[in-house]
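Below: one structure, written as structure tokens.
The values are calculated or read from the model by the stated rules, or taken from the named source; none is laboratory data. Keep in mind that this is a model prediction, so the values were computed, not measured. Cβ placement follows ideal geometry from the backbone for every residue including glycine, while neighbour counts extend to all protein chains displayed. Only protein heavy atoms, including side chains, enter the accessible area calculation; ligands, DNA and RNA are left aside. Shrake-Rupley method; radii C 1.70, N 1.55, O 1.52, S 1.80 Å.
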Amino acid sequence: HQRTDGFPPLLGPRPRVLILGSLPSQLSVRNRQYYGNPQNAFWSIMGELLGADPSQPYSARTKILTEQGIAVWDVLANSVRPGSMDSGIDQASAVINDFEGFFARNREIRMLCFNGQTAAKIFSDRASADVQAFVENIECATLPSTSPAYASMNFADKLKRWSVISIALGSGDCVQKH
């Protein structure tokens, strides 16, 4: 089976919130975009919360996020995974990203958000003791997966849970449109 490689982090000059997925889907890899599957609710949620609407070009959406202090990355740097389902990730071949280096360079991170249970579990199982110690001192939230495979929660409920990001950024209300 083919190895899926993740992307470098989406990162602005002063990130305060880090959103971690598990590993990009095959469609995201083909499109060279985080959450590149139009059925994934991530960009619709970011559109509602921060004005990074899916109708905008990818470069405009990512700029909005990074300018507002959002960083986006994945827990895994790469893994063998047939297809795009998190359940297909071959844990034996999975390589975690360099969080020691990331947090050393980005000390302003004050909130860590996991896009789904799988990302949170892999991080918890694989992150080093030093990373775990750093993360204990910041706010963490495991949010409902934005994947189309997670259909048991509707968009409105996902949006409500994801609004912790705009609260963490200090925007007062949950909507900060551009």
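Of everything in the range 109-143, what is in a loop (DSSP other than H, G, I, E, B) and either open to solvent by 80 Å² or more (accessible area, probe 1.4 Å) or more than 20 Å from residue 46 (Cβ to Cβ) (or both)? Give them in sequence order.
Going residue by residue through the range 109-143, those that are in a loop (DSSP other than H, G, I, E, B) are 109-110, 116, 127-128, 136-138.
Answer for the range 109-143, where residues must be in a loop (DSSP other than H, G, I, E, B) and either open to solvent by 80 Å² or more (accessible area, probe 1.4 Å) or more than 20 Å from residue 46 (Cβ to Cβ) (or both): 110, 127, 128, 136, 137, 138.
With respect to the numbered conditions (1) open to solvent by less than 10 Å² (accessible area, probe 1.4 Å); (2) closer than 17 Å to residue 150 by Cβ, which one is the sole condition not fulfilled by residue 27?
If we test residue 27 against (1) open to solvent by less than 10 Å² (accessible area, probe 1.4 Å); (2) closer than 17 Å to residue 150 by Cβ, just (1) comes out false.
Can you name every residue in the range 53-95 that is open to solvent by 20 Å² or more (accessible area, probe 1.4 Å), aliphatic (A, V, I, L, M) and either within 15 Å of residue 19 (Cα to Cα) or touching a residue at least 40 places away in the same chain (Cβ under 8 Å) (or both)?
Those that are open to solvent by 20 Å² or more (accessible area, probe 1.4 Å), aliphatic (A, V, I, L, M) and either within 15 Å of residue 19 (Cα to Cα) or touching a residue at least 40 places away in the same chain (Cβ under 8 Å) (or both): 77, 80, 85.
Taking the range 154-177 as the region of interest, how many residues are in a loop (DSSP other than H, G, I, E, B), modelled with pLDDT of 90 or more and under 18 Å from the mean Cα position of the chain (by Cα)?
Initially, the range 154-177 is screened for residues in a loop (DSSP other than H, G, I, E, B), giving 154, 163, 169-177.
Of the ones still in play, those that are also modelled with pLDDT of 90 or more are 154, 163.
In the following step, the residues that additionally are under 18 Å from the mean Cα position of the chain (by Cα) were identified as 163.
Adding up the residues that qualify gives 1.
Confirm whether residue 134 is closer than 20 Å to residue 65 by Cβ and among the aromatic types (Phe, Trp, Tyr). Quick ask: steps written out before the conclusion?
Working: closer than 20 Å to residue 65 by Cβ: no; among the aromatic types (Phe, Trp, Tyr): yes.
No: the conditions fail for residue 134.
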